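A.B. asks: What follows is a structure written as structure tokens; I'll ask about it next.
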Amino acid sequence: MSTSPAPLWGPTRFAENGPVRVAFDALAEGADGEPLLIATGLGANRHWVPDGLCRMLAAEGFAVARYDQRDGGESTHLPPSPTAARNPISALLAKGSGRGLAPYTAEDMADDAVAVMNDLGWRSAHLVGVSLGGAVVQRVALRHPDRVRTLTTVSAVPGDVAGLRALRYVRLGTLAKFARLKFPDTREGTIEAGVAVSRLLASPHRPFDERAARAAAEGNADRGIHDQQAQSRQIGARWHGPPISAVARPTLVLHGADDPLIKLRAGRVVAARIPGARLLVLPDVGHELPEPAWPVLAAEIRKHAADSAPRTPGATPGGRER
């Protein structure tokens, strides 16, 4: 009698933050470990976070969960405001306070992460944010410091900059290439978009594995990566809180040396402005989470958590309190 293998991820669940439903799931492996929540990047759903990296994090003693940002994946997609930008470049170039640029604020996006933690029953968690998710988790640490054990940002801009102030950290040439990508709104078009985006984000110092990128895109046909209006709303969500220099949680800053989208300067600035933050530059890594970097990422996040355990609020000596 044959049996089907147990699923790697638990069922999709939804946390509520006002009118928004935030989709998330939890890794089946390592469920009794230290809580670790991963926030995804601009337009990308949670399935872009590699399963292999998540399993390595579980092997390091973490209970891993991931979620879709609002306006991405299976989470609620908000309608644009009448004055909303139509693509990410125009959203960055928009002037003013940000009112009307998006139907929500950066504070709302930070609260989405906390809503997921509440549904998981986690009093606090290690937060890992990738790209846009890195800016989001910086804001969670400012807005809800008691919910954050440690903070890890990957390929992110400072969480307190937006609009024109963010331009100094973004490679506009790459962003322009994204804006020029046009694919049919079909499954086949979405797969081709996935391959194209993976190629744009990869390090130029490693051969691009198109076969693997296509297999990944076929397994995760995520239309969010070419939904420019949704991405514009995410970028247009402005932060009105304190500067990141007020972050008081232990912080690790990871940034690819070859990042073609977010300049390495961004990682250096985040590390310099957050007190006590540590910067690790990842060689031969672009704006991505490539397989050769997984062991280093998992080990560094584990080390960061262990080094910070004595200062973690609510933790037991083993650091495993839920």
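The values are calculated or read from the model by the stated rules, or taken from the named source; none is laboratory data. This is a predicted model, so every value here is computed, not measured. Backbone-built Cβ (ideal geometry, glycine too); neighbour counts: all protein chains shown.
A.B. asks: What number of residues within the stretch 242-262 satisfy the criterion of being closer than 25 Å to Leu172 by Cβ and outside any loop (DSSP other than H, G, I, E, B)? Quick ask: steps written out before the conclusion?
C.D. replies: Taking the stretch 242-262 as the starting set, the residues that turn out to be closer than 25 Å to Leu172 by Cβ are 243-244, 253-262.
Now drop any that are not outside any loop (DSSP other than H, G, I, E, B), which leaves 244, 253-256, 262.
Adding up the residues that qualify gives 6.
A.B. asks: Select, from Leu53, Leu78, the only residue that is crowded, with 19+ Cβ neighbours inside 10 Å and out of contact with any Lys or Arg (no Cβ under 8 Å at 6 or more places or on another chain). Before you say what the answer is, go through the steps one by one.
C.D. replies: Numbers: Leu78 fails: out of contact with any Lys or Arg (no Cβ under 8 Å at 6 or more places or on another chain).
Matching residue, one of Leu53, Leu78: Leu53.
A.B. asks: For the stretch 197-234, how many residues meet the condition of being within 17 Å of the chain's Cα centre (by Cα) and farther than 25 Å from Ser75 by Cα?
C.D. replies: Of the residues in that region, 1 qualify.
A.B. asks: Could I ask something else about it? Of the residues that sit in the stretch 140-169 and are among the charged types (D, E, K, R) and not in a helix (DSSP H, G or I), which one is surrounded by the fewest Cβ atoms within 10 Å (Cβ to Cβ)? Explain how you work it out, then say what you get.
C.D. replies: Step one: list which residues in the stretch 140-169 are among the charged types (D, E, K, R), which gives 143, 146-147, 149, 160, 165, 168.
Retained after the next criterion (residues that are not in a helix (DSSP H, G or I)): 149, 160.
Values: Arg149: 26, Asp160: 22.
Among residues in the stretch 140-169 that are among the charged types (D, E, K, R) and not in a helix (DSSP H, G or I), the one surrounded by the fewest Cβ atoms within 10 Å (Cβ to Cβ) is Asp160.
A.B. asks: For Val137, indicate whether it is among the β-branched types (Val, Ile, Thr) and either part of a helix (DSSP H, G or I) or crowded, with 24+ Cβ neighbours inside 10 Å (or both). Walk me through how you get there before you give the answer.
C.D. replies: Details: among the β-branched types (Val, Ile, Thr): yes; either part of a helix (DSSP H, G or I) or crowded, with 24+ Cβ neighbours inside 10 Å (or both): yes.
Here the answer is yes, as Val137 does meet what is asked.
A.B. asks: Among (1) closer than 22 Å to Ile262 by Cβ; (2) in contact (Cβ under 8 Å) with a residue 12 or more places away in the chain; (3) not hydrophobic (A, V, I, L, M, F, W, C), there is one condition Gly173 misses while meeting the rest; what is its number?
C.D. replies: (2)
A.B. asks: Select from the stretch 297-312 the residues that are modelled with pLDDT of 95 or more, surrounded by fewer than 20 Cβ atoms within 10 Å (Cβ to Cβ) and out of contact with any strand residue (DSSP E or B) (no Cβ under 7 Å at 6 or more places or on another chain) and list them in ascending order. If you could, list the steps in order and put the result at the bottom.
C.D. replies: Of the stretch 297-312, the ones modelled with pLDDT of 95 or more are 297-307.
Narrowing further to those that are surrounded by fewer than 20 Cβ atoms within 10 Å (Cβ to Cβ): 299-300, 302-303, 306-307.
The answer is Ala299, Arg302, Lys303, Ala306, Asp307.
A.B. asks: Of all residues being among the small types (Gly, Ala, Ser) and in a helix (DSSP H, G or I) in the stretch 263-285, which is farthest from Thr251 (Cα to Cα)? Just the residue, please.
C.D. replies: Taking the stretch 263-285 as the starting set, the residues that turn out to be among the small types (Gly, Ala, Ser) are 266-267, 271-272, 276-277.
Add one more test, that the residue is in a helix (DSSP H, G or I), and what stays is 266-267, 271-272.
Values: Ala266: 15, Gly267: 12, Ala271: 8, Ala272: 11 Å.
For the stretch 263-285, the residue satisfying everything is Ala266.
A.B. asks: Mind telling me which of the residues Arg223, Arg249 ends up being of a type in the set (D, E, K, R), touching a strand residue (DSSP E or B) at 6+ places or on another chain (Cβ under 9 Å) and either under 18 Å from Arg139 (Cα atoms) or at pLDDT below 95 (or both)? Please lay out each step first, then the result.
C.D. replies: On the way: Arg223 fails: touching a strand residue (DSSP E or B) at 6+ places or on another chain (Cβ under 9 Å).
Among Arg223, Arg249, only Arg249 is of a type in the set (D, E, K, R), touching a strand residue (DSSP E or B) at 6+ places or on another chain (Cβ under 9 Å) and either under 18 Å from Arg139 (Cα atoms) or at pLDDT below 95 (or both).
A.B. asks: In this structure, is Leu36 at pLDDT 95 or above, crowded, with 18+ Cβ neighbours inside 10 Å, assigned to a strand (DSSP E or B) and of a type outside the set (D, E, K, R)? Spell out how you get there, then give the answer.
C.D. replies: Details: at pLDDT 95 or above: yes; crowded, with 18+ Cβ neighbours inside 10 Å: yes; assigned to a strand (DSSP E or B): yes; of a type outside the set (D, E, K, R): yes.
Answer is yes for this residue.
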